[in-house]
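**Q** Can you keep this structure in mind? I'll have questions shortly.
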Amino acid sequence: MIEHFHRPVTVRAALGLKRRFTTRAVFLAGGTFVNSNAFPLAPEHCISLAGLKLDRISRSRGGVAIGALCTLQQLIDDRKVPAPLRVAALQVVSRNVRNMATLGGHVASRLPNSDLVPTLVALGAKLALAGSARKVPVLDYVANARAGLITRILVPASGPGRVTACAHHRASANARSLVSAAVSLNPDRGRVRRPVIALGGVGGHVVRLTAVEKRLDGKPLPATDELQALVSRAVRPASDHVASAAFRRHQAGVVVARAFDAARGRKAGPS
Ligand SMILES: Cc1cc2nc3c(=O)[nH]c(=O)nc-3n(C[C@H](O)[C@H](O)[C@H](O)COP(=O)(O)OP(=O)(O)OC[C@H]3O[C@@H](n4cnc5c(N)ncnc54)[C@H](O)[C@@H]3O)c2cc1C
């Protein structure tokens, strides 16, 4: 049970509190995960990040820097944010949740079926962590259960001709995504160059399908059913109370194929 609520006003003070109370403390951003029944910890100390002034978005030649405390709705409303990331944020259907949930909290939640992390991975986004000069790729953070206070999410400018798109499948309008994918590529006279395929909902965290990326690189995109089969064969989801492994595998292929269609400007096929 939370017994102590801390309101640091500097990143340094927030880090100091975390170092002092270690596993008895959690950072609090929008609180949509920390305050939910699904949150696995029972911390005594809550360290609010609200006073850290990490809610700005700035654009430079190199790309866009998004403060970790920016809400998902703020991303959607700000044209400085790359369009594919705004589309991905819109996949979180509840506006009430989007008004509270922050991008830093979203990444740190390491949701296996996140609607935004695949697009961050496809865009090559990195994280600035407090107290470290090194910028950490988003996938590295979510896959390796890295600790660390995220201060900014850095989305590099897309190179010339680079396109990025996402797609998802959910069982009902208000449900969370069962599987969620994002792809980026350079279309080149009917061929796919340097594809990135990121997929959520098929394991403990979002993954990159590097073997499929290699198969596609430099070649014309295969027919939809062939592409779907290629992706389905590359993933090993488990069955759970929401869906069987076979259904998740099938839908993984479908959403990746739809993301490729969207990236190439084609109308995506049915889910
Ligand atoms: C009703 C509901 C519907 C939802 N629907 C969707 C959906 O459709 N699609 C989807 O993808 N997600 C969905 N979500 C998940 C939601 O996106 C996440 O709960 C939210 O993004 C977490 O962000 P937050 O700011 O609320 O984090 P918090 O709950 O404040 O924190 C989450 C975790 O991150 C840590 N943390 C927070 N900020 C930082 C930081 N800057 N650095 C390091 N650690 C930090 C906290 O200590 C905690 O462990 C839904 C959630 C709810 C409650």
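The values are calculated or read from the model by the stated rules, or taken from the named source; none is laboratory data. Computed from a predicted structure; not experimentally measured. Every residue, glycine among them, receives a Cβ derived from its backbone with ideal geometry; neighbour counts consider all protein chains shown.
**Q** Of all residues in region 87-116, how many are part of a helix (DSSP H, G or I), within 8 Å of the ligand (Cβ to nearest atom) and among the hydrophobic types (A, V, I, L, M, F, W, C)?
**A** Of the residues in that region, 5 qualify.
**Q** Whether any residue in region 55-65 is assigned to a loop (DSSP other than H, G, I, E, B) and in contact (Cβ under 8 Å) with a residue 60 or more places away in the chain is what I want to check.
**A** Within region 55-65, one or more residues are assigned to a loop (DSSP other than H, G, I, E, B) and in contact (Cβ under 8 Å) with a residue 60 or more places away in the chain.
**Q** While we're on this one: Since residue 79 meets every condition but one in (1) within 9 Å of the ligand (Cβ to nearest atom); (2) assigned to a loop (DSSP other than H, G, I, E, B), which condition does it not meet?
**A** It fails just one condition, (1).
**Q** For residue 224, all conditions in the list (1) touching a helix residue (DSSP H, G or I) at 6+ places or on another chain (Cβ under 8 Å); (2) under 29 Å from residue 108 (Cα atoms) hold save one; what is the number of the exception?
**A** Of the numbered conditions (1) touching a helix residue (DSSP H, G or I) at 6+ places or on another chain (Cβ under 8 Å); (2) under 29 Å from residue 108 (Cα atoms), the odd one out for residue 224 is (2).
**Q** So, one more: Sort through 33, 27, 21 and tell me the only one that's within 8 Å of the ligand (Cβ to nearest atom), crowded, with 16+ Cβ neighbours inside 10 Å, within 16 Å of residue 148 (Cα to Cα) and aromatic (Phe, Trp, Tyr).
**A** None of the other options fit; the residue is 27.
**Q** Shifting gears a bit: If I go through region 13-54 residue by residue, how many of them are in contact (Cβ under 8 Å) with a residue 60 or more places away in the chain and either more than 22 Å from residue 101 (Cβ to Cβ) or acidic (Asp, Glu) (or both)?
**A** So the count comes out to 1.
**Q** Among the residues of region 223-256, which ones are surrounded by fewer than 15 Cβ atoms within 10 Å (Cβ to Cβ) and modelled with pLDDT of 95 or more?
**A** Correct list: 223, 225, 226, 233, 236, 238, 239, 244, 245, 246.
**Q** Within region 123-145, does at least one residue satisfy the condition of being in contact (Cβ under 8 Å) with a residue 40 or more places away in the chain, surrounded by fewer than 20 Cβ atoms within 10 Å (Cβ to Cβ) and near the ligand (Cβ under 9 Å from one of its atoms)?
**A** yes
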